[in-house]
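Q: Take this structure first; my questions come after.
The values are calculated or read from the model by the stated rules, or taken from the named source; none is laboratory data. Quick caveat, the model's predicted, so the values are computed rather than measured. Here the Cβ positions follow ideal geometry from the backbone for every residue, glycine too, while neighbour counts run over all protein chains shown. Ligands, DNA and RNA are excluded from the accessible area calculation, which covers all protein heavy atoms including side chains. Shrake-Rupley method; radii C 1.70, N 1.55, O 1.52, S 1.80 Å.
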Amino acid sequence: MTTPVTDDLIDQLVGLAPGSRTYAARHQREKVAAATQGSYNALFDPALPDLTLTERLLVALYASRLTPAPELAAHYRERLQQAQADAALIQVAEADEPQDAQRLNQPRLAAILSFTRTLIEKPVEGDKAALLALPAAGISTPAVVALSQLIAFLSYQVRLVAGLKAMKASEEAHA
């Protein structure tokens, strides 16, 4: 068995502690917990090219808010504030309409958030037309790939947090 992941975001957000059944279930296959944290670390590495860290955090905030996943939204909002992101951009990510970024002269962000909304709310509409809107806004093919990977990870992260919260609540109700 491998050593448990330290500073694990999911454990922190859900409030999991060693000794609980939910923690034990999550860490039964430690490599999965480590891979989840590793994916988070890689996707939000400031050195990752093609999408800025601020853009990635705005996508994460927006996706978490749409889902909704309040713990994740609060986490990504805090990360944006720590990164000294423009408050107006944070407000756009917390609003319902990605096109609000247009009035801030941010067509790239508007396209990124629109694509995020499509994949979160109506993934079947994430077709060729939705993809082609991104290069039309000046987003490179590697950035489109990175964005798609990020949104897929966020969908997984949201579901993992929700499932673990339900497991923890059940454990606490039967304690």
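Q: Only one of these conditions is not met by ALA111: (1) at pLDDT below 95; (2) within 14 Å of GLU55 (Cα to Cα). Which number is it?
A: Only one criterion in (1) at pLDDT below 95; (2) within 14 Å of GLU55 (Cα to Cα) is unmet by ALA111, namely (1).
Q: Which ones in the stretch 80-101 are more than 17 Å from the chain's Cα centre (by Cα) and closer than 20 Å to LEU131 by Cβ?
A: GLN99, ALA101
Q: Check off (1) within 23 Å of ALA42 (Cα to Cα); (2) of a type in the set (Ser, Thr, Tyr); (3) more than 13 Å from the chain's Cα centre (by Cα) for THR118 and give me the number that stays unchecked.
A: Result: THR118 fails condition (1) only.
For (1) in contact with a Ser or Thr (Cβ under 9 Å, 6 or more places away or on another chain); (2) closer than 19 Å to PHE115 by Cβ, each residue gets a yes or a no:
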site	(1), (2)
VAL14	yes, no
TYR23	no, no
THR36	no, no
PRO46	yes, no
ASP50	yes, yes
VAL59	yes, yes
HIS75	yes, no
GLN82	no, no
ALA87	no, no
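Q: Of the residues ALA101, ALA85, ALA42, which is open to solvent by less than 10 Å² (accessible area, probe 1.4 Å) and out of contact with any His (no Cβ under 8 Å at 6 or more places or on another chain)?
A: Going through ALA101, ALA85, ALA42 in turn, just one is open to solvent by less than 10 Å² (accessible area, probe 1.4 Å) and out of contact with any His (no Cβ under 8 Å at 6 or more places or on another chain): ALA101.
Q: Return the residue satisfying two criteria in turn: it lies in the stretch 24-33 and is open to solvent by 30 Å² or more (accessible area, probe 1.4 Å) and free of Cβ contacts under 8 Å to residues at least 60 places away in the same chain, and of such residues it is nearest to ALA175 (Cα to Cα).
A: So in the stretch 24-33, the residues open to solvent by 30 Å² or more (accessible area, probe 1.4 Å) come out as 24-25, 28-29, 31-32.
From the residues that got through so far, the ones that are free of Cβ contacts under 8 Å to residues at least 60 places away in the same chain too are 24, 28-29, 31-32.
Details: ALA24: 15, GLN28: 21, ARG29: 24, LYS31: 28, VAL32: 27 Å.
In this case the residue turns out to be ALA24.
Q: Restricting to the stretch 70-88, what's the tally of residues that are under 19 Å from LEU150 (Cβ atoms) and touching a helix residue (DSSP H, G or I) at 6+ places or on another chain (Cβ under 9 Å)?
A: Result for the stretch 70-88: 11.
Q: Filter the helices (runs of 4 or more DSSP H) completely within the stretch 84-175 down to those with at least 2 residues that are acidic (Asp, Glu).
A: Numbers: elements: 87-94, 107-121, 128-136, 141-173.
Where helices (runs of 4 or more DSSP H) fall fully within the stretch 84-175 and carry at least 2 residues being acidic (Asp, Glu), they are 141-173.
Q: Another question about this same structure. Regarding ALA136, is this residue open to solvent by 20 Å² or more (accessible area, probe 1.4 Å) and farther than 30 Å from ARG21 by Cβ? If you could, list the steps in order and put the result at the bottom.
A: Numbers: open to solvent by 20 Å² or more (accessible area, probe 1.4 Å): yes; farther than 30 Å from ARG21 by Cβ: yes.
The answer is yes for ALA136.
Q: Then there is this: Quick one: in the stretch 69-105, of everything that is of a type in the set (S, T, N, Q) and modelled with pLDDT of 95 or more, which residue is farthest from VAL161 (Cα to Cα)?
A: Among those residues, the one meeting the criterion is GLN84.
Condition check ((1) among the hydrophobic types (A, V, I, L, M, F, W, C); (2) surrounded by 15 or more Cβ atoms within 10 Å (Cβ to Cβ); (3) without any contact (Cβ under 8 Å) to a residue 40 or more places away in the chain; (4) within 25 Å of GLU172 (Cα to Cα)) across all residues:
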residue	(1), (2), (3), (4)
ILE10	yes, yes, no, yes
LEU53	yes, yes, yes, no
TYR76	no, yes, yes, no
ARG79	no, yes, yes, no
VAL92	yes, yes, yes, no
GLN106	no, yes, yes, no
